[in-house]
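Input: a single structure, listed below in structure tokens.
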């Protein structure tokens with residue numbers, strides 16, 4: 001299936017900007033509530049888990065709805081517009097505003113953490129509607145087995161490119177100042193909002209069989225029916241493996257930036273991140289074609305080997321050069337694994353039911369990892385060292401044990417892969 005230039009432009013722009021917005025949630029919000037409200041590891045874990053639940057419920061509801069209506073473009077573009085507005089609202093969550101609105105609050109910082117978690121769920125509703133449900137269904141509708149590996153290679157490299165854009169773009173900003181965060185939220189929220197408007201002119205609507213005669217509420221739970229699960233074993237084994245893979249990633253990812261900046265004392269950690277991300281992104285864009293040509297078994301094993309090797313290096317070494325090598329290996333394995341699992345899921349998604357199955361994808365990719373992974377990470381860091389802040393409060397210091405725990409989870413993927421290693425028909 002040959003794709004038009006307009007498709008590739010839409011893929012790159014919407015995938016990148018969507019991931020930039022997710023970086024705000026998955027990594028920058030962690031830094032935000034740590035810096036502004038002295039959040040604990042448990043609070044960060046709770047925020048990630050709440051967001052994962054919101055993403056899953058949203059994707060189930062909106063994915064099935066977009067299938068029934070037979071439209072993807074409206075949900076993508078309208079969702080991006082509202083997504084941008086919700087990001088802009090975080091500019092109002094500041095200590096001075098909280099103190100003015102809640103003058104009798106025992107702890108303004110606790111109120112701030114609570115507000116961030118609530119608004120994170122609101123933002124996730126719009127983001128998951130636009131990206132997780134509609135955009136990912138659009139990608140499945142618009143591709144076939146001849147190009148899904150290549151498309152997923154591009155799509156999967158965007159999370160780290162987004163990290164590069166966000167952290168590189170704001171590297172010179174003092175993140176200890178409230179006005180810095182106001183600026184960041186306004187810039188990123190504005191970009192997401194404007195792209196939603198541009199999407200009405202960019203995105204080509206795929207031809208779908210409308211499900212107007214289908215029961216919407218039945219479709220929400222379509223992918224959870226025992227009959228459907230039994231009829232699509234490869235799809236669900238892939239989801240199971242992807243879930244364990246995601247748990248491994250989420251054990252360390254919410255604390256990664258804090259580990260580099262606080263534990264290792266790397267003030268310019270972006271200088272390590274940037275080249276590692278660029279190299280990993282190029283690697284992943286090329287690696288996606290390995291899946292198209294060689295299949296699942298030949299592409300997933302090297303990806304997992306790279307991921308686990310990166311964990312080992314990051315656990316044992318704190319030297320800057322070796323941290324860079326470990327980060328590069330970890331990122332290459334992480335992105336390559338995402339590309340392979342993503343392409344596999346699209347290949348086994350039943351035709352004209354992509355929206356219905358986005359909920360199942362989010363359960364495996366977001367919900368289970370988002371609840372279990374950060375909780376394991378928080379448990380590992382429960383007795384971590386602390387530092388005394390200028391205001392007399394304390395903050396935890398992430399340590400290298402998060403990589404050891406992630407390695408154990410990565411090893412646990414291997415038994416789940418056994419049913420999938422047979423050659424795909």
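Worth a mention:
- Selection within segment 166-180: residues that are in contact with a helix residue (DSSP H, G or I) (Cβ under 6 Å, 6 or more places away or on another chain) and in a helix (DSSP H, G or I). The member of this set that is modelled with the highest pLDDT is 166.
- Restricted to segment 387-410, and to residues there that are closer than 17 Å to residue 31 by Cβ and crowded, with 21+ Cβ neighbours inside 10 Å, the residue that is modelled with the lowest pLDDT is 396.
- Filter pass, residue 152 being out of contact with any strand residue (DSSP E or B) (no Cβ under 8 Å at 6 or more places or on another chain) and modelled with pLDDT of 80 or more: no
- Options 134, 198, 130: the member that is within 22 Å of residue 81 (Cα to Cα), in contact with a helix residue (DSSP H, G or I) (Cβ under 9 Å, 6 or more places away or on another chain) and surrounded by fewer than 18 Cβ atoms within 10 Å (Cβ to Cβ): 198
- Residue 93 vs. criteria within 27 Å of residue 215 (Cβ to Cβ) and over 19 Å from the mean Cα position of the chain (by Cα): no
- Residue among 374, 415 that is modelled with pLDDT of 75 or more, over 18 Å from the mean Cα position of the chain (by Cα), part of a helix (DSSP H, G or I) and closer than 14 Å to residue 244 by Cα: 415
- Options 330, 344; residue that is over 26 Å from residue 67 (Cβ atoms) and crowded, with 24+ Cβ neighbours inside 10 Å: 330
- Sole exception among (1) farther than 16 Å from residue 24 by Cα; (2) assigned to a helix (DSSP H, G or I); (3) without any contact (Cβ under 8 Å) to a residue 12 or more places away in the chain for residue 197, by number: (3)
The values are calculated or read from the model by the stated rules, or taken from the named source; none is laboratory data. Treat the numbers as computed from the prediction; the structure is a model and nothing was measured. Every residue, glycine among them, receives a Cβ derived from its backbone with ideal geometry; neighbour counts consider all protein chains shown.
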